[in-house]
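Step one of this worksheet: look at the structure below.
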Amino acid sequence: MTASQQPLPPMDDSPKRSLMERLSSLLLREPEDRDQLVELLHGALEKELLDADALTMIEGVLQVSEMQVRDVMLPRSQMDMIDVEDEPEQFIPGVIETAHSRFPVFENSRDNVIGILLAKDLLRYYANAAEFDVRDMLRPAVFVPESKRLNVLLREFKANRNHIAIVVDEYGGVAGLITIEDVIEQIIGDIEDEFDFDETEDNILPDKGGRYRVKAITEIESFNEHFASNFPNVDFDTVGGLVVSHFGHVPKRNESITFDGFRFVVLRADSRKVHSVMVERVVPPTVGDDAPGNPHKADSGNSAHTPA
């Protein structure tokens with residue numbers, strides 16, 4: 001067979017990659033799973049291609065896609081609800097105290113939520129109390145199952161312009177409540193509003209009734225100095241770490257625990273950490289080994305519970 005009769009090599013329309021391109025492809029493979037993707041993102045942070053806030057939000061987005069409503073909802077026992085049969089004079093003080101913008105309204109049973117009352121609609125009561133009817137003020141309630149994915153719920157919140165949903169269990173009973181803020185906080189972290197601490201203020205602020213609002217980031221040393229307590233700071237540096245360690249889990253809003261002469265009520269928390277607590281001394285300070293907070297003092301009243 002002459003040279004002119006040699007078969008031609010098969011046609012390859014794709015351009016040949018250079019040695020450098022092939023090496024780059026080998027060394028910089030695309031992530032095959034979520035763990036590899038997170039590892040790659042952390043590498044980008046180390047190379048200053050991402051900042052810490054951006055990385056936190058990306059990780060939050062990935063986390064939301066795997067979480068369900070039951071993971072972040074406010075449990076039924078902690079919901080502030082209004083009985084439609086109550087007169088405004090009965091429930092308005094509670095509305096003012098809790099400072100929520102929306103309240104589920106039920107009839108006969110807490111499992112029978114008939115609508116959502118917006119706090120701003122109560123202005124009509126003060127404008128014309130004689131003709132005010134709670135039923136006329138109610139907005140439709142949205143119900144979602146405990147198993148709904150958070151990313152799906154967020155899309156629905158955006159599409160329907162809704163900010164709150166009632167969570168129901170498999171039997172149709174009310175299991176809890178979730179807001180759009182609860183979902184967004186899983187992505188960008190805690191969202192502070194006008195009822196939260198001002199970052200320019202101290203970490204420990206007095207409240208009514210001899211109680212104190214304390215940021216979870218408050219160092220235990222500062223807490224001890226303010227309250228004349230003696231909590232150890234060997235295993236934990238902050239009040240948040242101390243409180244979580246006694247709960248044994250990351251508590252939700254309104255969960256409380258009492259130990260070493262102090263009662264701690266969680267004011268704000270997300271699925272990852274506590275942000276602020278209300279502190280109340282339940283045992284008067286004494287001198288000596290029996291002082292509240294002494295790690296060697298046995299406290300038979302050590303307990304965790306959720307207020308009814």
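The values are calculated or read from the model by the stated rules, or taken from the named source; none is laboratory data. These numbers come from a predicted model, not from an experiment. Neighbour counts are summed over all protein chains in view; Cβ atoms, including those assigned to glycine, are modelled from backbone coordinates with ideal geometry.
If I filter the stretch 86-104 for residues that are of a type in the set (A, V, I, L, M, F, W, C), surrounded by 15 or more Cβ atoms within 10 Å (Cβ to Cβ), farther than 30 Å from V61 by Cα and in contact with a strand residue (DSSP E or B) (Cβ under 9 Å, 6 or more places away or on another chain), do I get at least one hit? Looking through the stretch 86-104, at least one residue is of a type in the set (A, V, I, L, M, F, W, C), surrounded by 15 or more Cβ atoms within 10 Å (Cβ to Cβ), farther than 30 Å from V61 by Cα and in contact with a strand residue (DSSP E or B) (Cβ under 9 Å, 6 or more places away or on another chain). The residue that is farthest from T56 (Cα to Cα), counting only those in the stretch 172-189 that are assigned to a strand (DSSP E or B) and in contact with a helix residue (DSSP H, G or I) (Cβ under 7 Å, 6 or more places away or on another chain), is V174. For D133, the conditions (1) surrounded by 14 or more Cβ atoms within 10 Å (Cβ to Cβ); (2) modelled with pLDDT under 90; (3) of a type in the set (D, E, K, R); (4) farther than 30 Å from L55 by Cα all hold with the exception of (1). Among residues that are among the charged types (D, E, K, R), outside the structural domain of I82 (by TED's automatic domain parsing) and at pLDDT 90 or above, E221 is included.
A residue that is crowded, with 17+ Cβ neighbours inside 10 Å, assigned by TED's automatic domain parsing to the domain that holds D83 and under 16 Å from F91 (Cα atoms) occurs nowhere in the stretch 166-175. The residues on offer are R253, R281, R263, and the sole one that is under 21 Å from E97 (Cβ atoms), surrounded by fewer than 19 Cβ atoms within 10 Å (Cβ to Cβ) and modelled with pLDDT of 80 or more is R263. Residue check: is A99 modelled with pLDDT under 90, assigned by TED's automatic domain parsing to the domain that holds G172 and on the phi > 0 side of the Ramachandran plot? Yes.
Considering only residues that are of a type in the set (D, E, K, R) and more than 16 Å from I180 (Cα to Cα), which ones fall in the stretch 55-101? Hits for the stretch 55-101 are E59, E66, R76, D80, D83, E85, D86, E87, E89, E97.
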